[in-house]
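The values are calculated or read from the model by the stated rules, or taken from the named source; none is laboratory data. The shown structure was predicted, so the numbers you read here are calculated from the model rather than taken from an experiment. Note that we place each Cβ from the backbone using ideal geometry, even for glycine, and neighbour counts take in every protein chain shown.
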Amino acid sequence: MLAAGGYRLYEKHWSLLIAWVILFTLWEMHIIGGGDAKLLMGLYALFPDRSFTLMLAVSVLITSVPYLIAKYRGHSLASLLKGATNRVRTGNAWPTRDELQERGRSLAWTYCLPGMVYLWLLW
């Protein structure tokens, strides 16, 4: 990650720093785990352009929506919205470190998939 990132910064791909700051912030907010953040930072160091960002966004959306549907099947939309509203109201909008470790799931495969497709088709 650091070697590829250093090389990209040497090539003046300054948008890489923006991506890394965003990923670091997501990690600090406990939205993604440390391993997922490092993996994404490495992928952005390898592919620091908008086409990869678009492929990543579409791929994560396509793979995450069925996962979320399966995870929350049987819950009503009203109960999900009530739970989200209560978290925001109590100041716990973002997961805690303990919640991330207990209930968080690594989604590395959803991040690796667009990297492989991008490398295979577009790079």
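The residues on offer are G5, G42, and the sole one that is small (G, A, S) and within 17 Å of the chain's Cα centre (by Cα) is G42.
Conditions (1) aliphatic (A, V, I, L, M); (2) under 30 Å from A4 (Cβ atoms), marked per residue:
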{"position": "T53", "(1), (2)": "no, yes"}
{"position": "P66", "(1), (2)": "no, no"}
{"position": "I69", "(1), (2)": "yes, no"}
{"position": "S76", "(1), (2)": "no, no"}
{"position": "T90", "(1), (2)": "no, no"}
{"position": "E102", "(1), (2)": "no, no"}
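Quick one: in region 98-123, which of the residues that are of a type in the set (S, T, N, Q) and either loosely packed, with under 10 Cβ neighbours inside 10 Å or part of a helix (DSSP H, G or I) (or both) is modelled with the highest pLDDT? Steps first, please.
So the first thing to find is which residues in region 98-123 are of a type in the set (S, T, N, Q), and the list is 101, 106, 110.
Right, trim to either loosely packed, with under 10 Cβ neighbours inside 10 Å or part of a helix (DSSP H, G or I) (or both) and you get 101, 110.
Values: Q101: 82, T110: 85.
Only one residue fits best here, namely T110.
Evaluating H75 against the criteria (1) under 15 Å from the mean Cα position of the chain (by Cα); (2) modelled with pLDDT of 85 or more; (3) not in a helix (DSSP H, G or I) leaves one unmet condition, (1). Would you call S51 in contact with a Ser or Thr (Cβ under 8 Å, 6 or more places away or on another chain) and closer than 30 Å to L17 by Cα? When the stated conditions are applied, S51 does not pass them.
For region 59-97, the set of residues classified as within 30 Å of L113 (Cβ to Cβ), surrounded by 10 or more Cβ atoms within 10 Å (Cβ to Cβ) and of a type in the set (V, I, T) consists of V60, I62, T63, V65, T96, listed by residue number.
Among the residues of region 1-37, count how many are exposed (fewer than 15 other Cβ atoms within 10 Å of the Cβ) and among the charged types (D, E, K, R). Count: 3.
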